[in-house]
1. Give Y134, Y129 a once-over and let me know the one that is assigned to a loop (DSSP other than H, G, I, E, B), at negative phi and of a type in the set (F, W, Y).
2. Within segment 127-141, can you find the residues that are crowded, with 16+ Cβ neighbours inside 10 Å, out of contact with any Pro (no Cβ under 7 Å at 6 or more places or on another chain) and over 20 Å from T57 (Cβ atoms)?
3. Name the single residue, out of those in segment 1-55 being of a type in the set (D, E) and modelled with pLDDT of 90 or more, that is surrounded by the fewest Cβ atoms within 10 Å (Cβ to Cβ).
4. Mind listing just one residue for me: the one in segment 157-180 that is crowded, with 17+ Cβ neighbours inside 10 Å and either in contact with a Lys or Arg (Cβ under 6 Å, 6 or more places away or on another chain) or polar (S, T, N, Q) (or both) and, of those, nearest to E22 (Cα to Cα)?
5. Give the residue that is nearest to the chain's Cα centre (by Cα), with candidates limited to residues of segment 130-185 that are within 24 Å of Q4 (Cβ to Cβ) and of a type in the set (D, E, K, R).
6. Identify, from the list I114, I101, I54, the residue that is in contact with a helix residue (DSSP H, G or I) (Cβ under 9 Å, 6 or more places away or on another chain) and part of a strand (DSSP E or B).
7. What are the pairs, 6+ residues apart or on separate chains, where a residue within segment 86-103 that is closer than 17 Å to P58 by Cβ and in contact (Cβ under 8 Å) with a residue 24 or more places away in the chain has its Cβ under 9 Å from a residue that is of a type in the set (A, V, I, L, M) and assigned to a loop (DSSP other than H, G, I, E, B)?
8. Look at F97 and say whether it is surrounded by 14 or more Cβ atoms within 10 Å (Cβ to Cβ) and within 15 Å of the chain's Cα centre (by Cα).
Amino acid sequence: MLAQIKDAARKAAYGRRKPLFEAANAAQAGYLSEVLAGYRGVPLSGFMPIRTEIDPTPAMAEAGAHGPVGVPVIEAAGQPLRFARWTPETEMVPGAFGAVIPAAPEFFEPEILIVPLLAFNRGGGRLGYGGGFYDRTLEMLRAKRPTLAIGFAFAGQEVDDLPLEPTDQPLDLIVTEAGVIEVGS
């Protein structure tokens, strides 16, 4: 039953995100750059946008001048993500689910994850794509050390009601093209 509710929520979220993506401008990562400036040198992972996702790469490139930046690599279903170092000059090749990954991955563990999503709420809830990759990964990383999960999305992806499960890992902060949302405030 919850799986059907989540599938319906994902379909609705895709529909809401498409016009936001089409109206996006080059400054969409400005607030993300500001947030990351407060964590200079801390290893972080962003993501290479697919479909209609907001684009974090300008902020990732800026952060890369101060410390390691990576992108997620899916190695197998049911497994946590791994993270490969990335710069704007990195040679990229097609990876799983349409995302590009470094051709010669050099893996590391980030302490900050910029997380893509379909929908979010102000409580830090996140609706992802259904593979559980970020939930497994955040659970694993948070068991080792404090790990900051920053949801990055268009402001119009915010919803009041999300179908969440106990295994869903919360976001610590949400950044949109319109500003920064402190979780729980």
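1. Values: Y134 fails: assigned to a loop (DSSP other than H, G, I, E, B).
Being assigned to a loop (DSSP other than H, G, I, E, B), at negative phi and of a type in the set (F, W, Y) holds for just one of Y134, Y129, which is Y129.
2. L127, G132, D135, L138, L141
3. The first filter runs over segment 1-55 and keeps only residues of a type in the set (D, E), leaving 7, 22, 34, 53, 55.
Checking the rest, the ones that are also modelled with pLDDT of 90 or more come to 34, 53, 55.
Working: E34: 14, E53: 19, D55: 19.
By that ranking, first place goes to E34.
4. Ranking the candidates gives Q157 first.
5. Going through the qualifying residues, I end up with D135.
6. Working: I101 fails: in contact with a helix residue (DSSP H, G or I) (Cβ under 9 Å, 6 or more places away or on another chain); I54 fails: part of a strand (DSSP E or B).
Testing whether each residue is in contact with a helix residue (DSSP H, G or I) (Cβ under 9 Å, 6 or more places away or on another chain) and part of a strand (DSSP E or B) leaves just I114.
7. Here the result reads W86/M48; M92/M48; M92/A103; V100/M48; V100/I50, each pair linking segment 86-103 to a residue that is of a type in the set (A, V, I, L, M) and assigned to a loop (DSSP other than H, G, I, E, B).
8. Details: surrounded by 14 or more Cβ atoms within 10 Å (Cβ to Cβ): no; within 15 Å of the chain's Cα centre (by Cα): yes.
Here the answer is no, as F97 does not meet what is asked.
The values are calculated or read from the model by the stated rules, or taken from the named source; none is laboratory data. Model, not experiment: these values are computed from the prediction. FYI the Cβ positions are ideal-geometry reconstructions off the backbone, even for glycines, and counts take in every protein chain you see.
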